[in-house]
Structures are given as structure tokens and as C-alpha cells.
Amino acid sequence: MIIQYQPEGGELQRLDAGRLRASEIQIIERTADGRWAEIKEAMGEGDINALRTVAWALLRRSQPSLRYGEFDPWEGELRARLDKREVAAYAHRILEAYRDQPEDLAEAFDELRGAADDPETAEAAIADVTDPKGQDTPEPEPEPTASPTGG
């Protein structure tokens, strides 16, 4: 999961919540008063407490003295987005769920594009599951057979 943090008038920061140390997870659990699995799920649902706590823990890597109370982003400044690995996994699940329902499949893929941190990653994952490698190459032409007259 990627947390996009963009303070008003500031640069967009991408914080990788998929690469945390155990000590960071422990701090997040204590601060958010929950288990890591629940916090990860809450981030995906856009829960502000989960997003704020994880973003704060990640920002502390470059700002060790940043206190939780000092990190108080405005509504809309934090968003959860899917990382490359998550996008690929969701693309496979979407295809399996909606393979026989083209309209629903297209809608689900559009939602995936919107949820991805990187639109190009989403397009590549969708292309990969809808046209797997090896299927886009044409079948080889059959070898011509010899005519009965030998010619």
C-alpha cells in the first residue's frame, strides 16, 4: 500500500506502507490502538486514523523528531493507493470474478486504475491478465505439404 500525502501547496509524497520494520509496526499498533492487520485493512478503506498513524511513522524516517500531535494533515491530504504487487493481485482476482461479465469487468478495471498509485502499473497489470504472454503471438503457419505430382 502506498500512502499519498500532499499538503496544500506542497509536493506529493509517496510513502510505502508495504515496507515497514517490526519496530515501526509496533509503534503504529500502540499509537493507533489496534493490530497491524486491522490497521492495514482500515487504510485500504480510507480510515483517517490508520492513514495518519502510518504516514506519521513513515515520515519519522526522515524527520525523527516529528511528534504525532504535530502531524495533523487536512482532510483530503492523505490517500491510500495500491502498490504494484497489490495491483497485479487485484487484476487477477477481478478477471476471475468478472470474466463472463464484460461490462462489470470493464467497470472493475476502471476502479482498479483509480485505486492504483501508478496508472501505468495498472494498465500493465490489466494487459497482463487479459492478454497473457504467449497468447498475443500468432500460431505458426502450417508447413506446405508436397503435392501428389512431386512438385
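Assorted remarks:
- The Cβ shell under 12 Å around Pro73 holds other residues with a net charge of -3, Lys and Arg each +1, Asp and Glu each -1.
- Rg(Cα) / (2.2 N^0.38 Å) computed for the range 12-100, rounded to two decimals: 1.21
- Summed side-chain charge close to Arg35 - residues other than Arg35 whose Cβ falls under 12 Å, Lys, Arg +1, Asp, Glu -1: -2
- Cα-based shape type of the chain, given that a ≥ b ≥ c are square roots of the gyration tensor eigenvalues and the cut on a/c is 1.5: prolate
- Kirkwood's formula applied to the C-alpha pairs of the range 71-134 gives a hydrodynamic radius of 12.5 angstrom.
- Apportionment of accessible area to carbon and sulfur, the chain, percent (1.4 Å): 47 percent
- Accessible surface, 1.4 Å probe, highest first, among residues Thr31, Thr53: Thr31, Thr53
- When the residues Asp100, Asp128 are ordered by accessible surface, computed with a 1.4 Å probe over the protein chains alone, the sequence from largest down reads Asp100, Asp128.
- Basic side chains Lys and Arg get +1 at the Cβ, acidic Asp and Glu get -1 at the Cβ, and with that the dipole of the chain about its Cα centre reaches some 1060 debye.
- Cβ-defined net charge surrounding Gln6, 13 Å radius [Lys, Arg +1; Asp, Glu -1]: -2
- Ellipticity at 222 nm from helices only: DSSP H runs of n ≥ 4 in the chain, each -39500 (n - 2.57), divided by the residue count, give -15000 deg cm²/dmol.
The values are calculated or read from the model by the stated rules, or taken from the named source; none is laboratory data. What you are looking at is a predicted structure, and each value in this text was computed from that prediction instead of being measured. Note that each Cβ is placed from the backbone with ideal geometry, even for glycine, and that neighbours are counted across all protein chains shown. Just the protein is used for accessible areas: all its heavy atoms, side chains included, with ligands, DNA and RNA removed. Shrake-Rupley method; radii C 1.70, N 1.55, O 1.52, S 1.80 Å.
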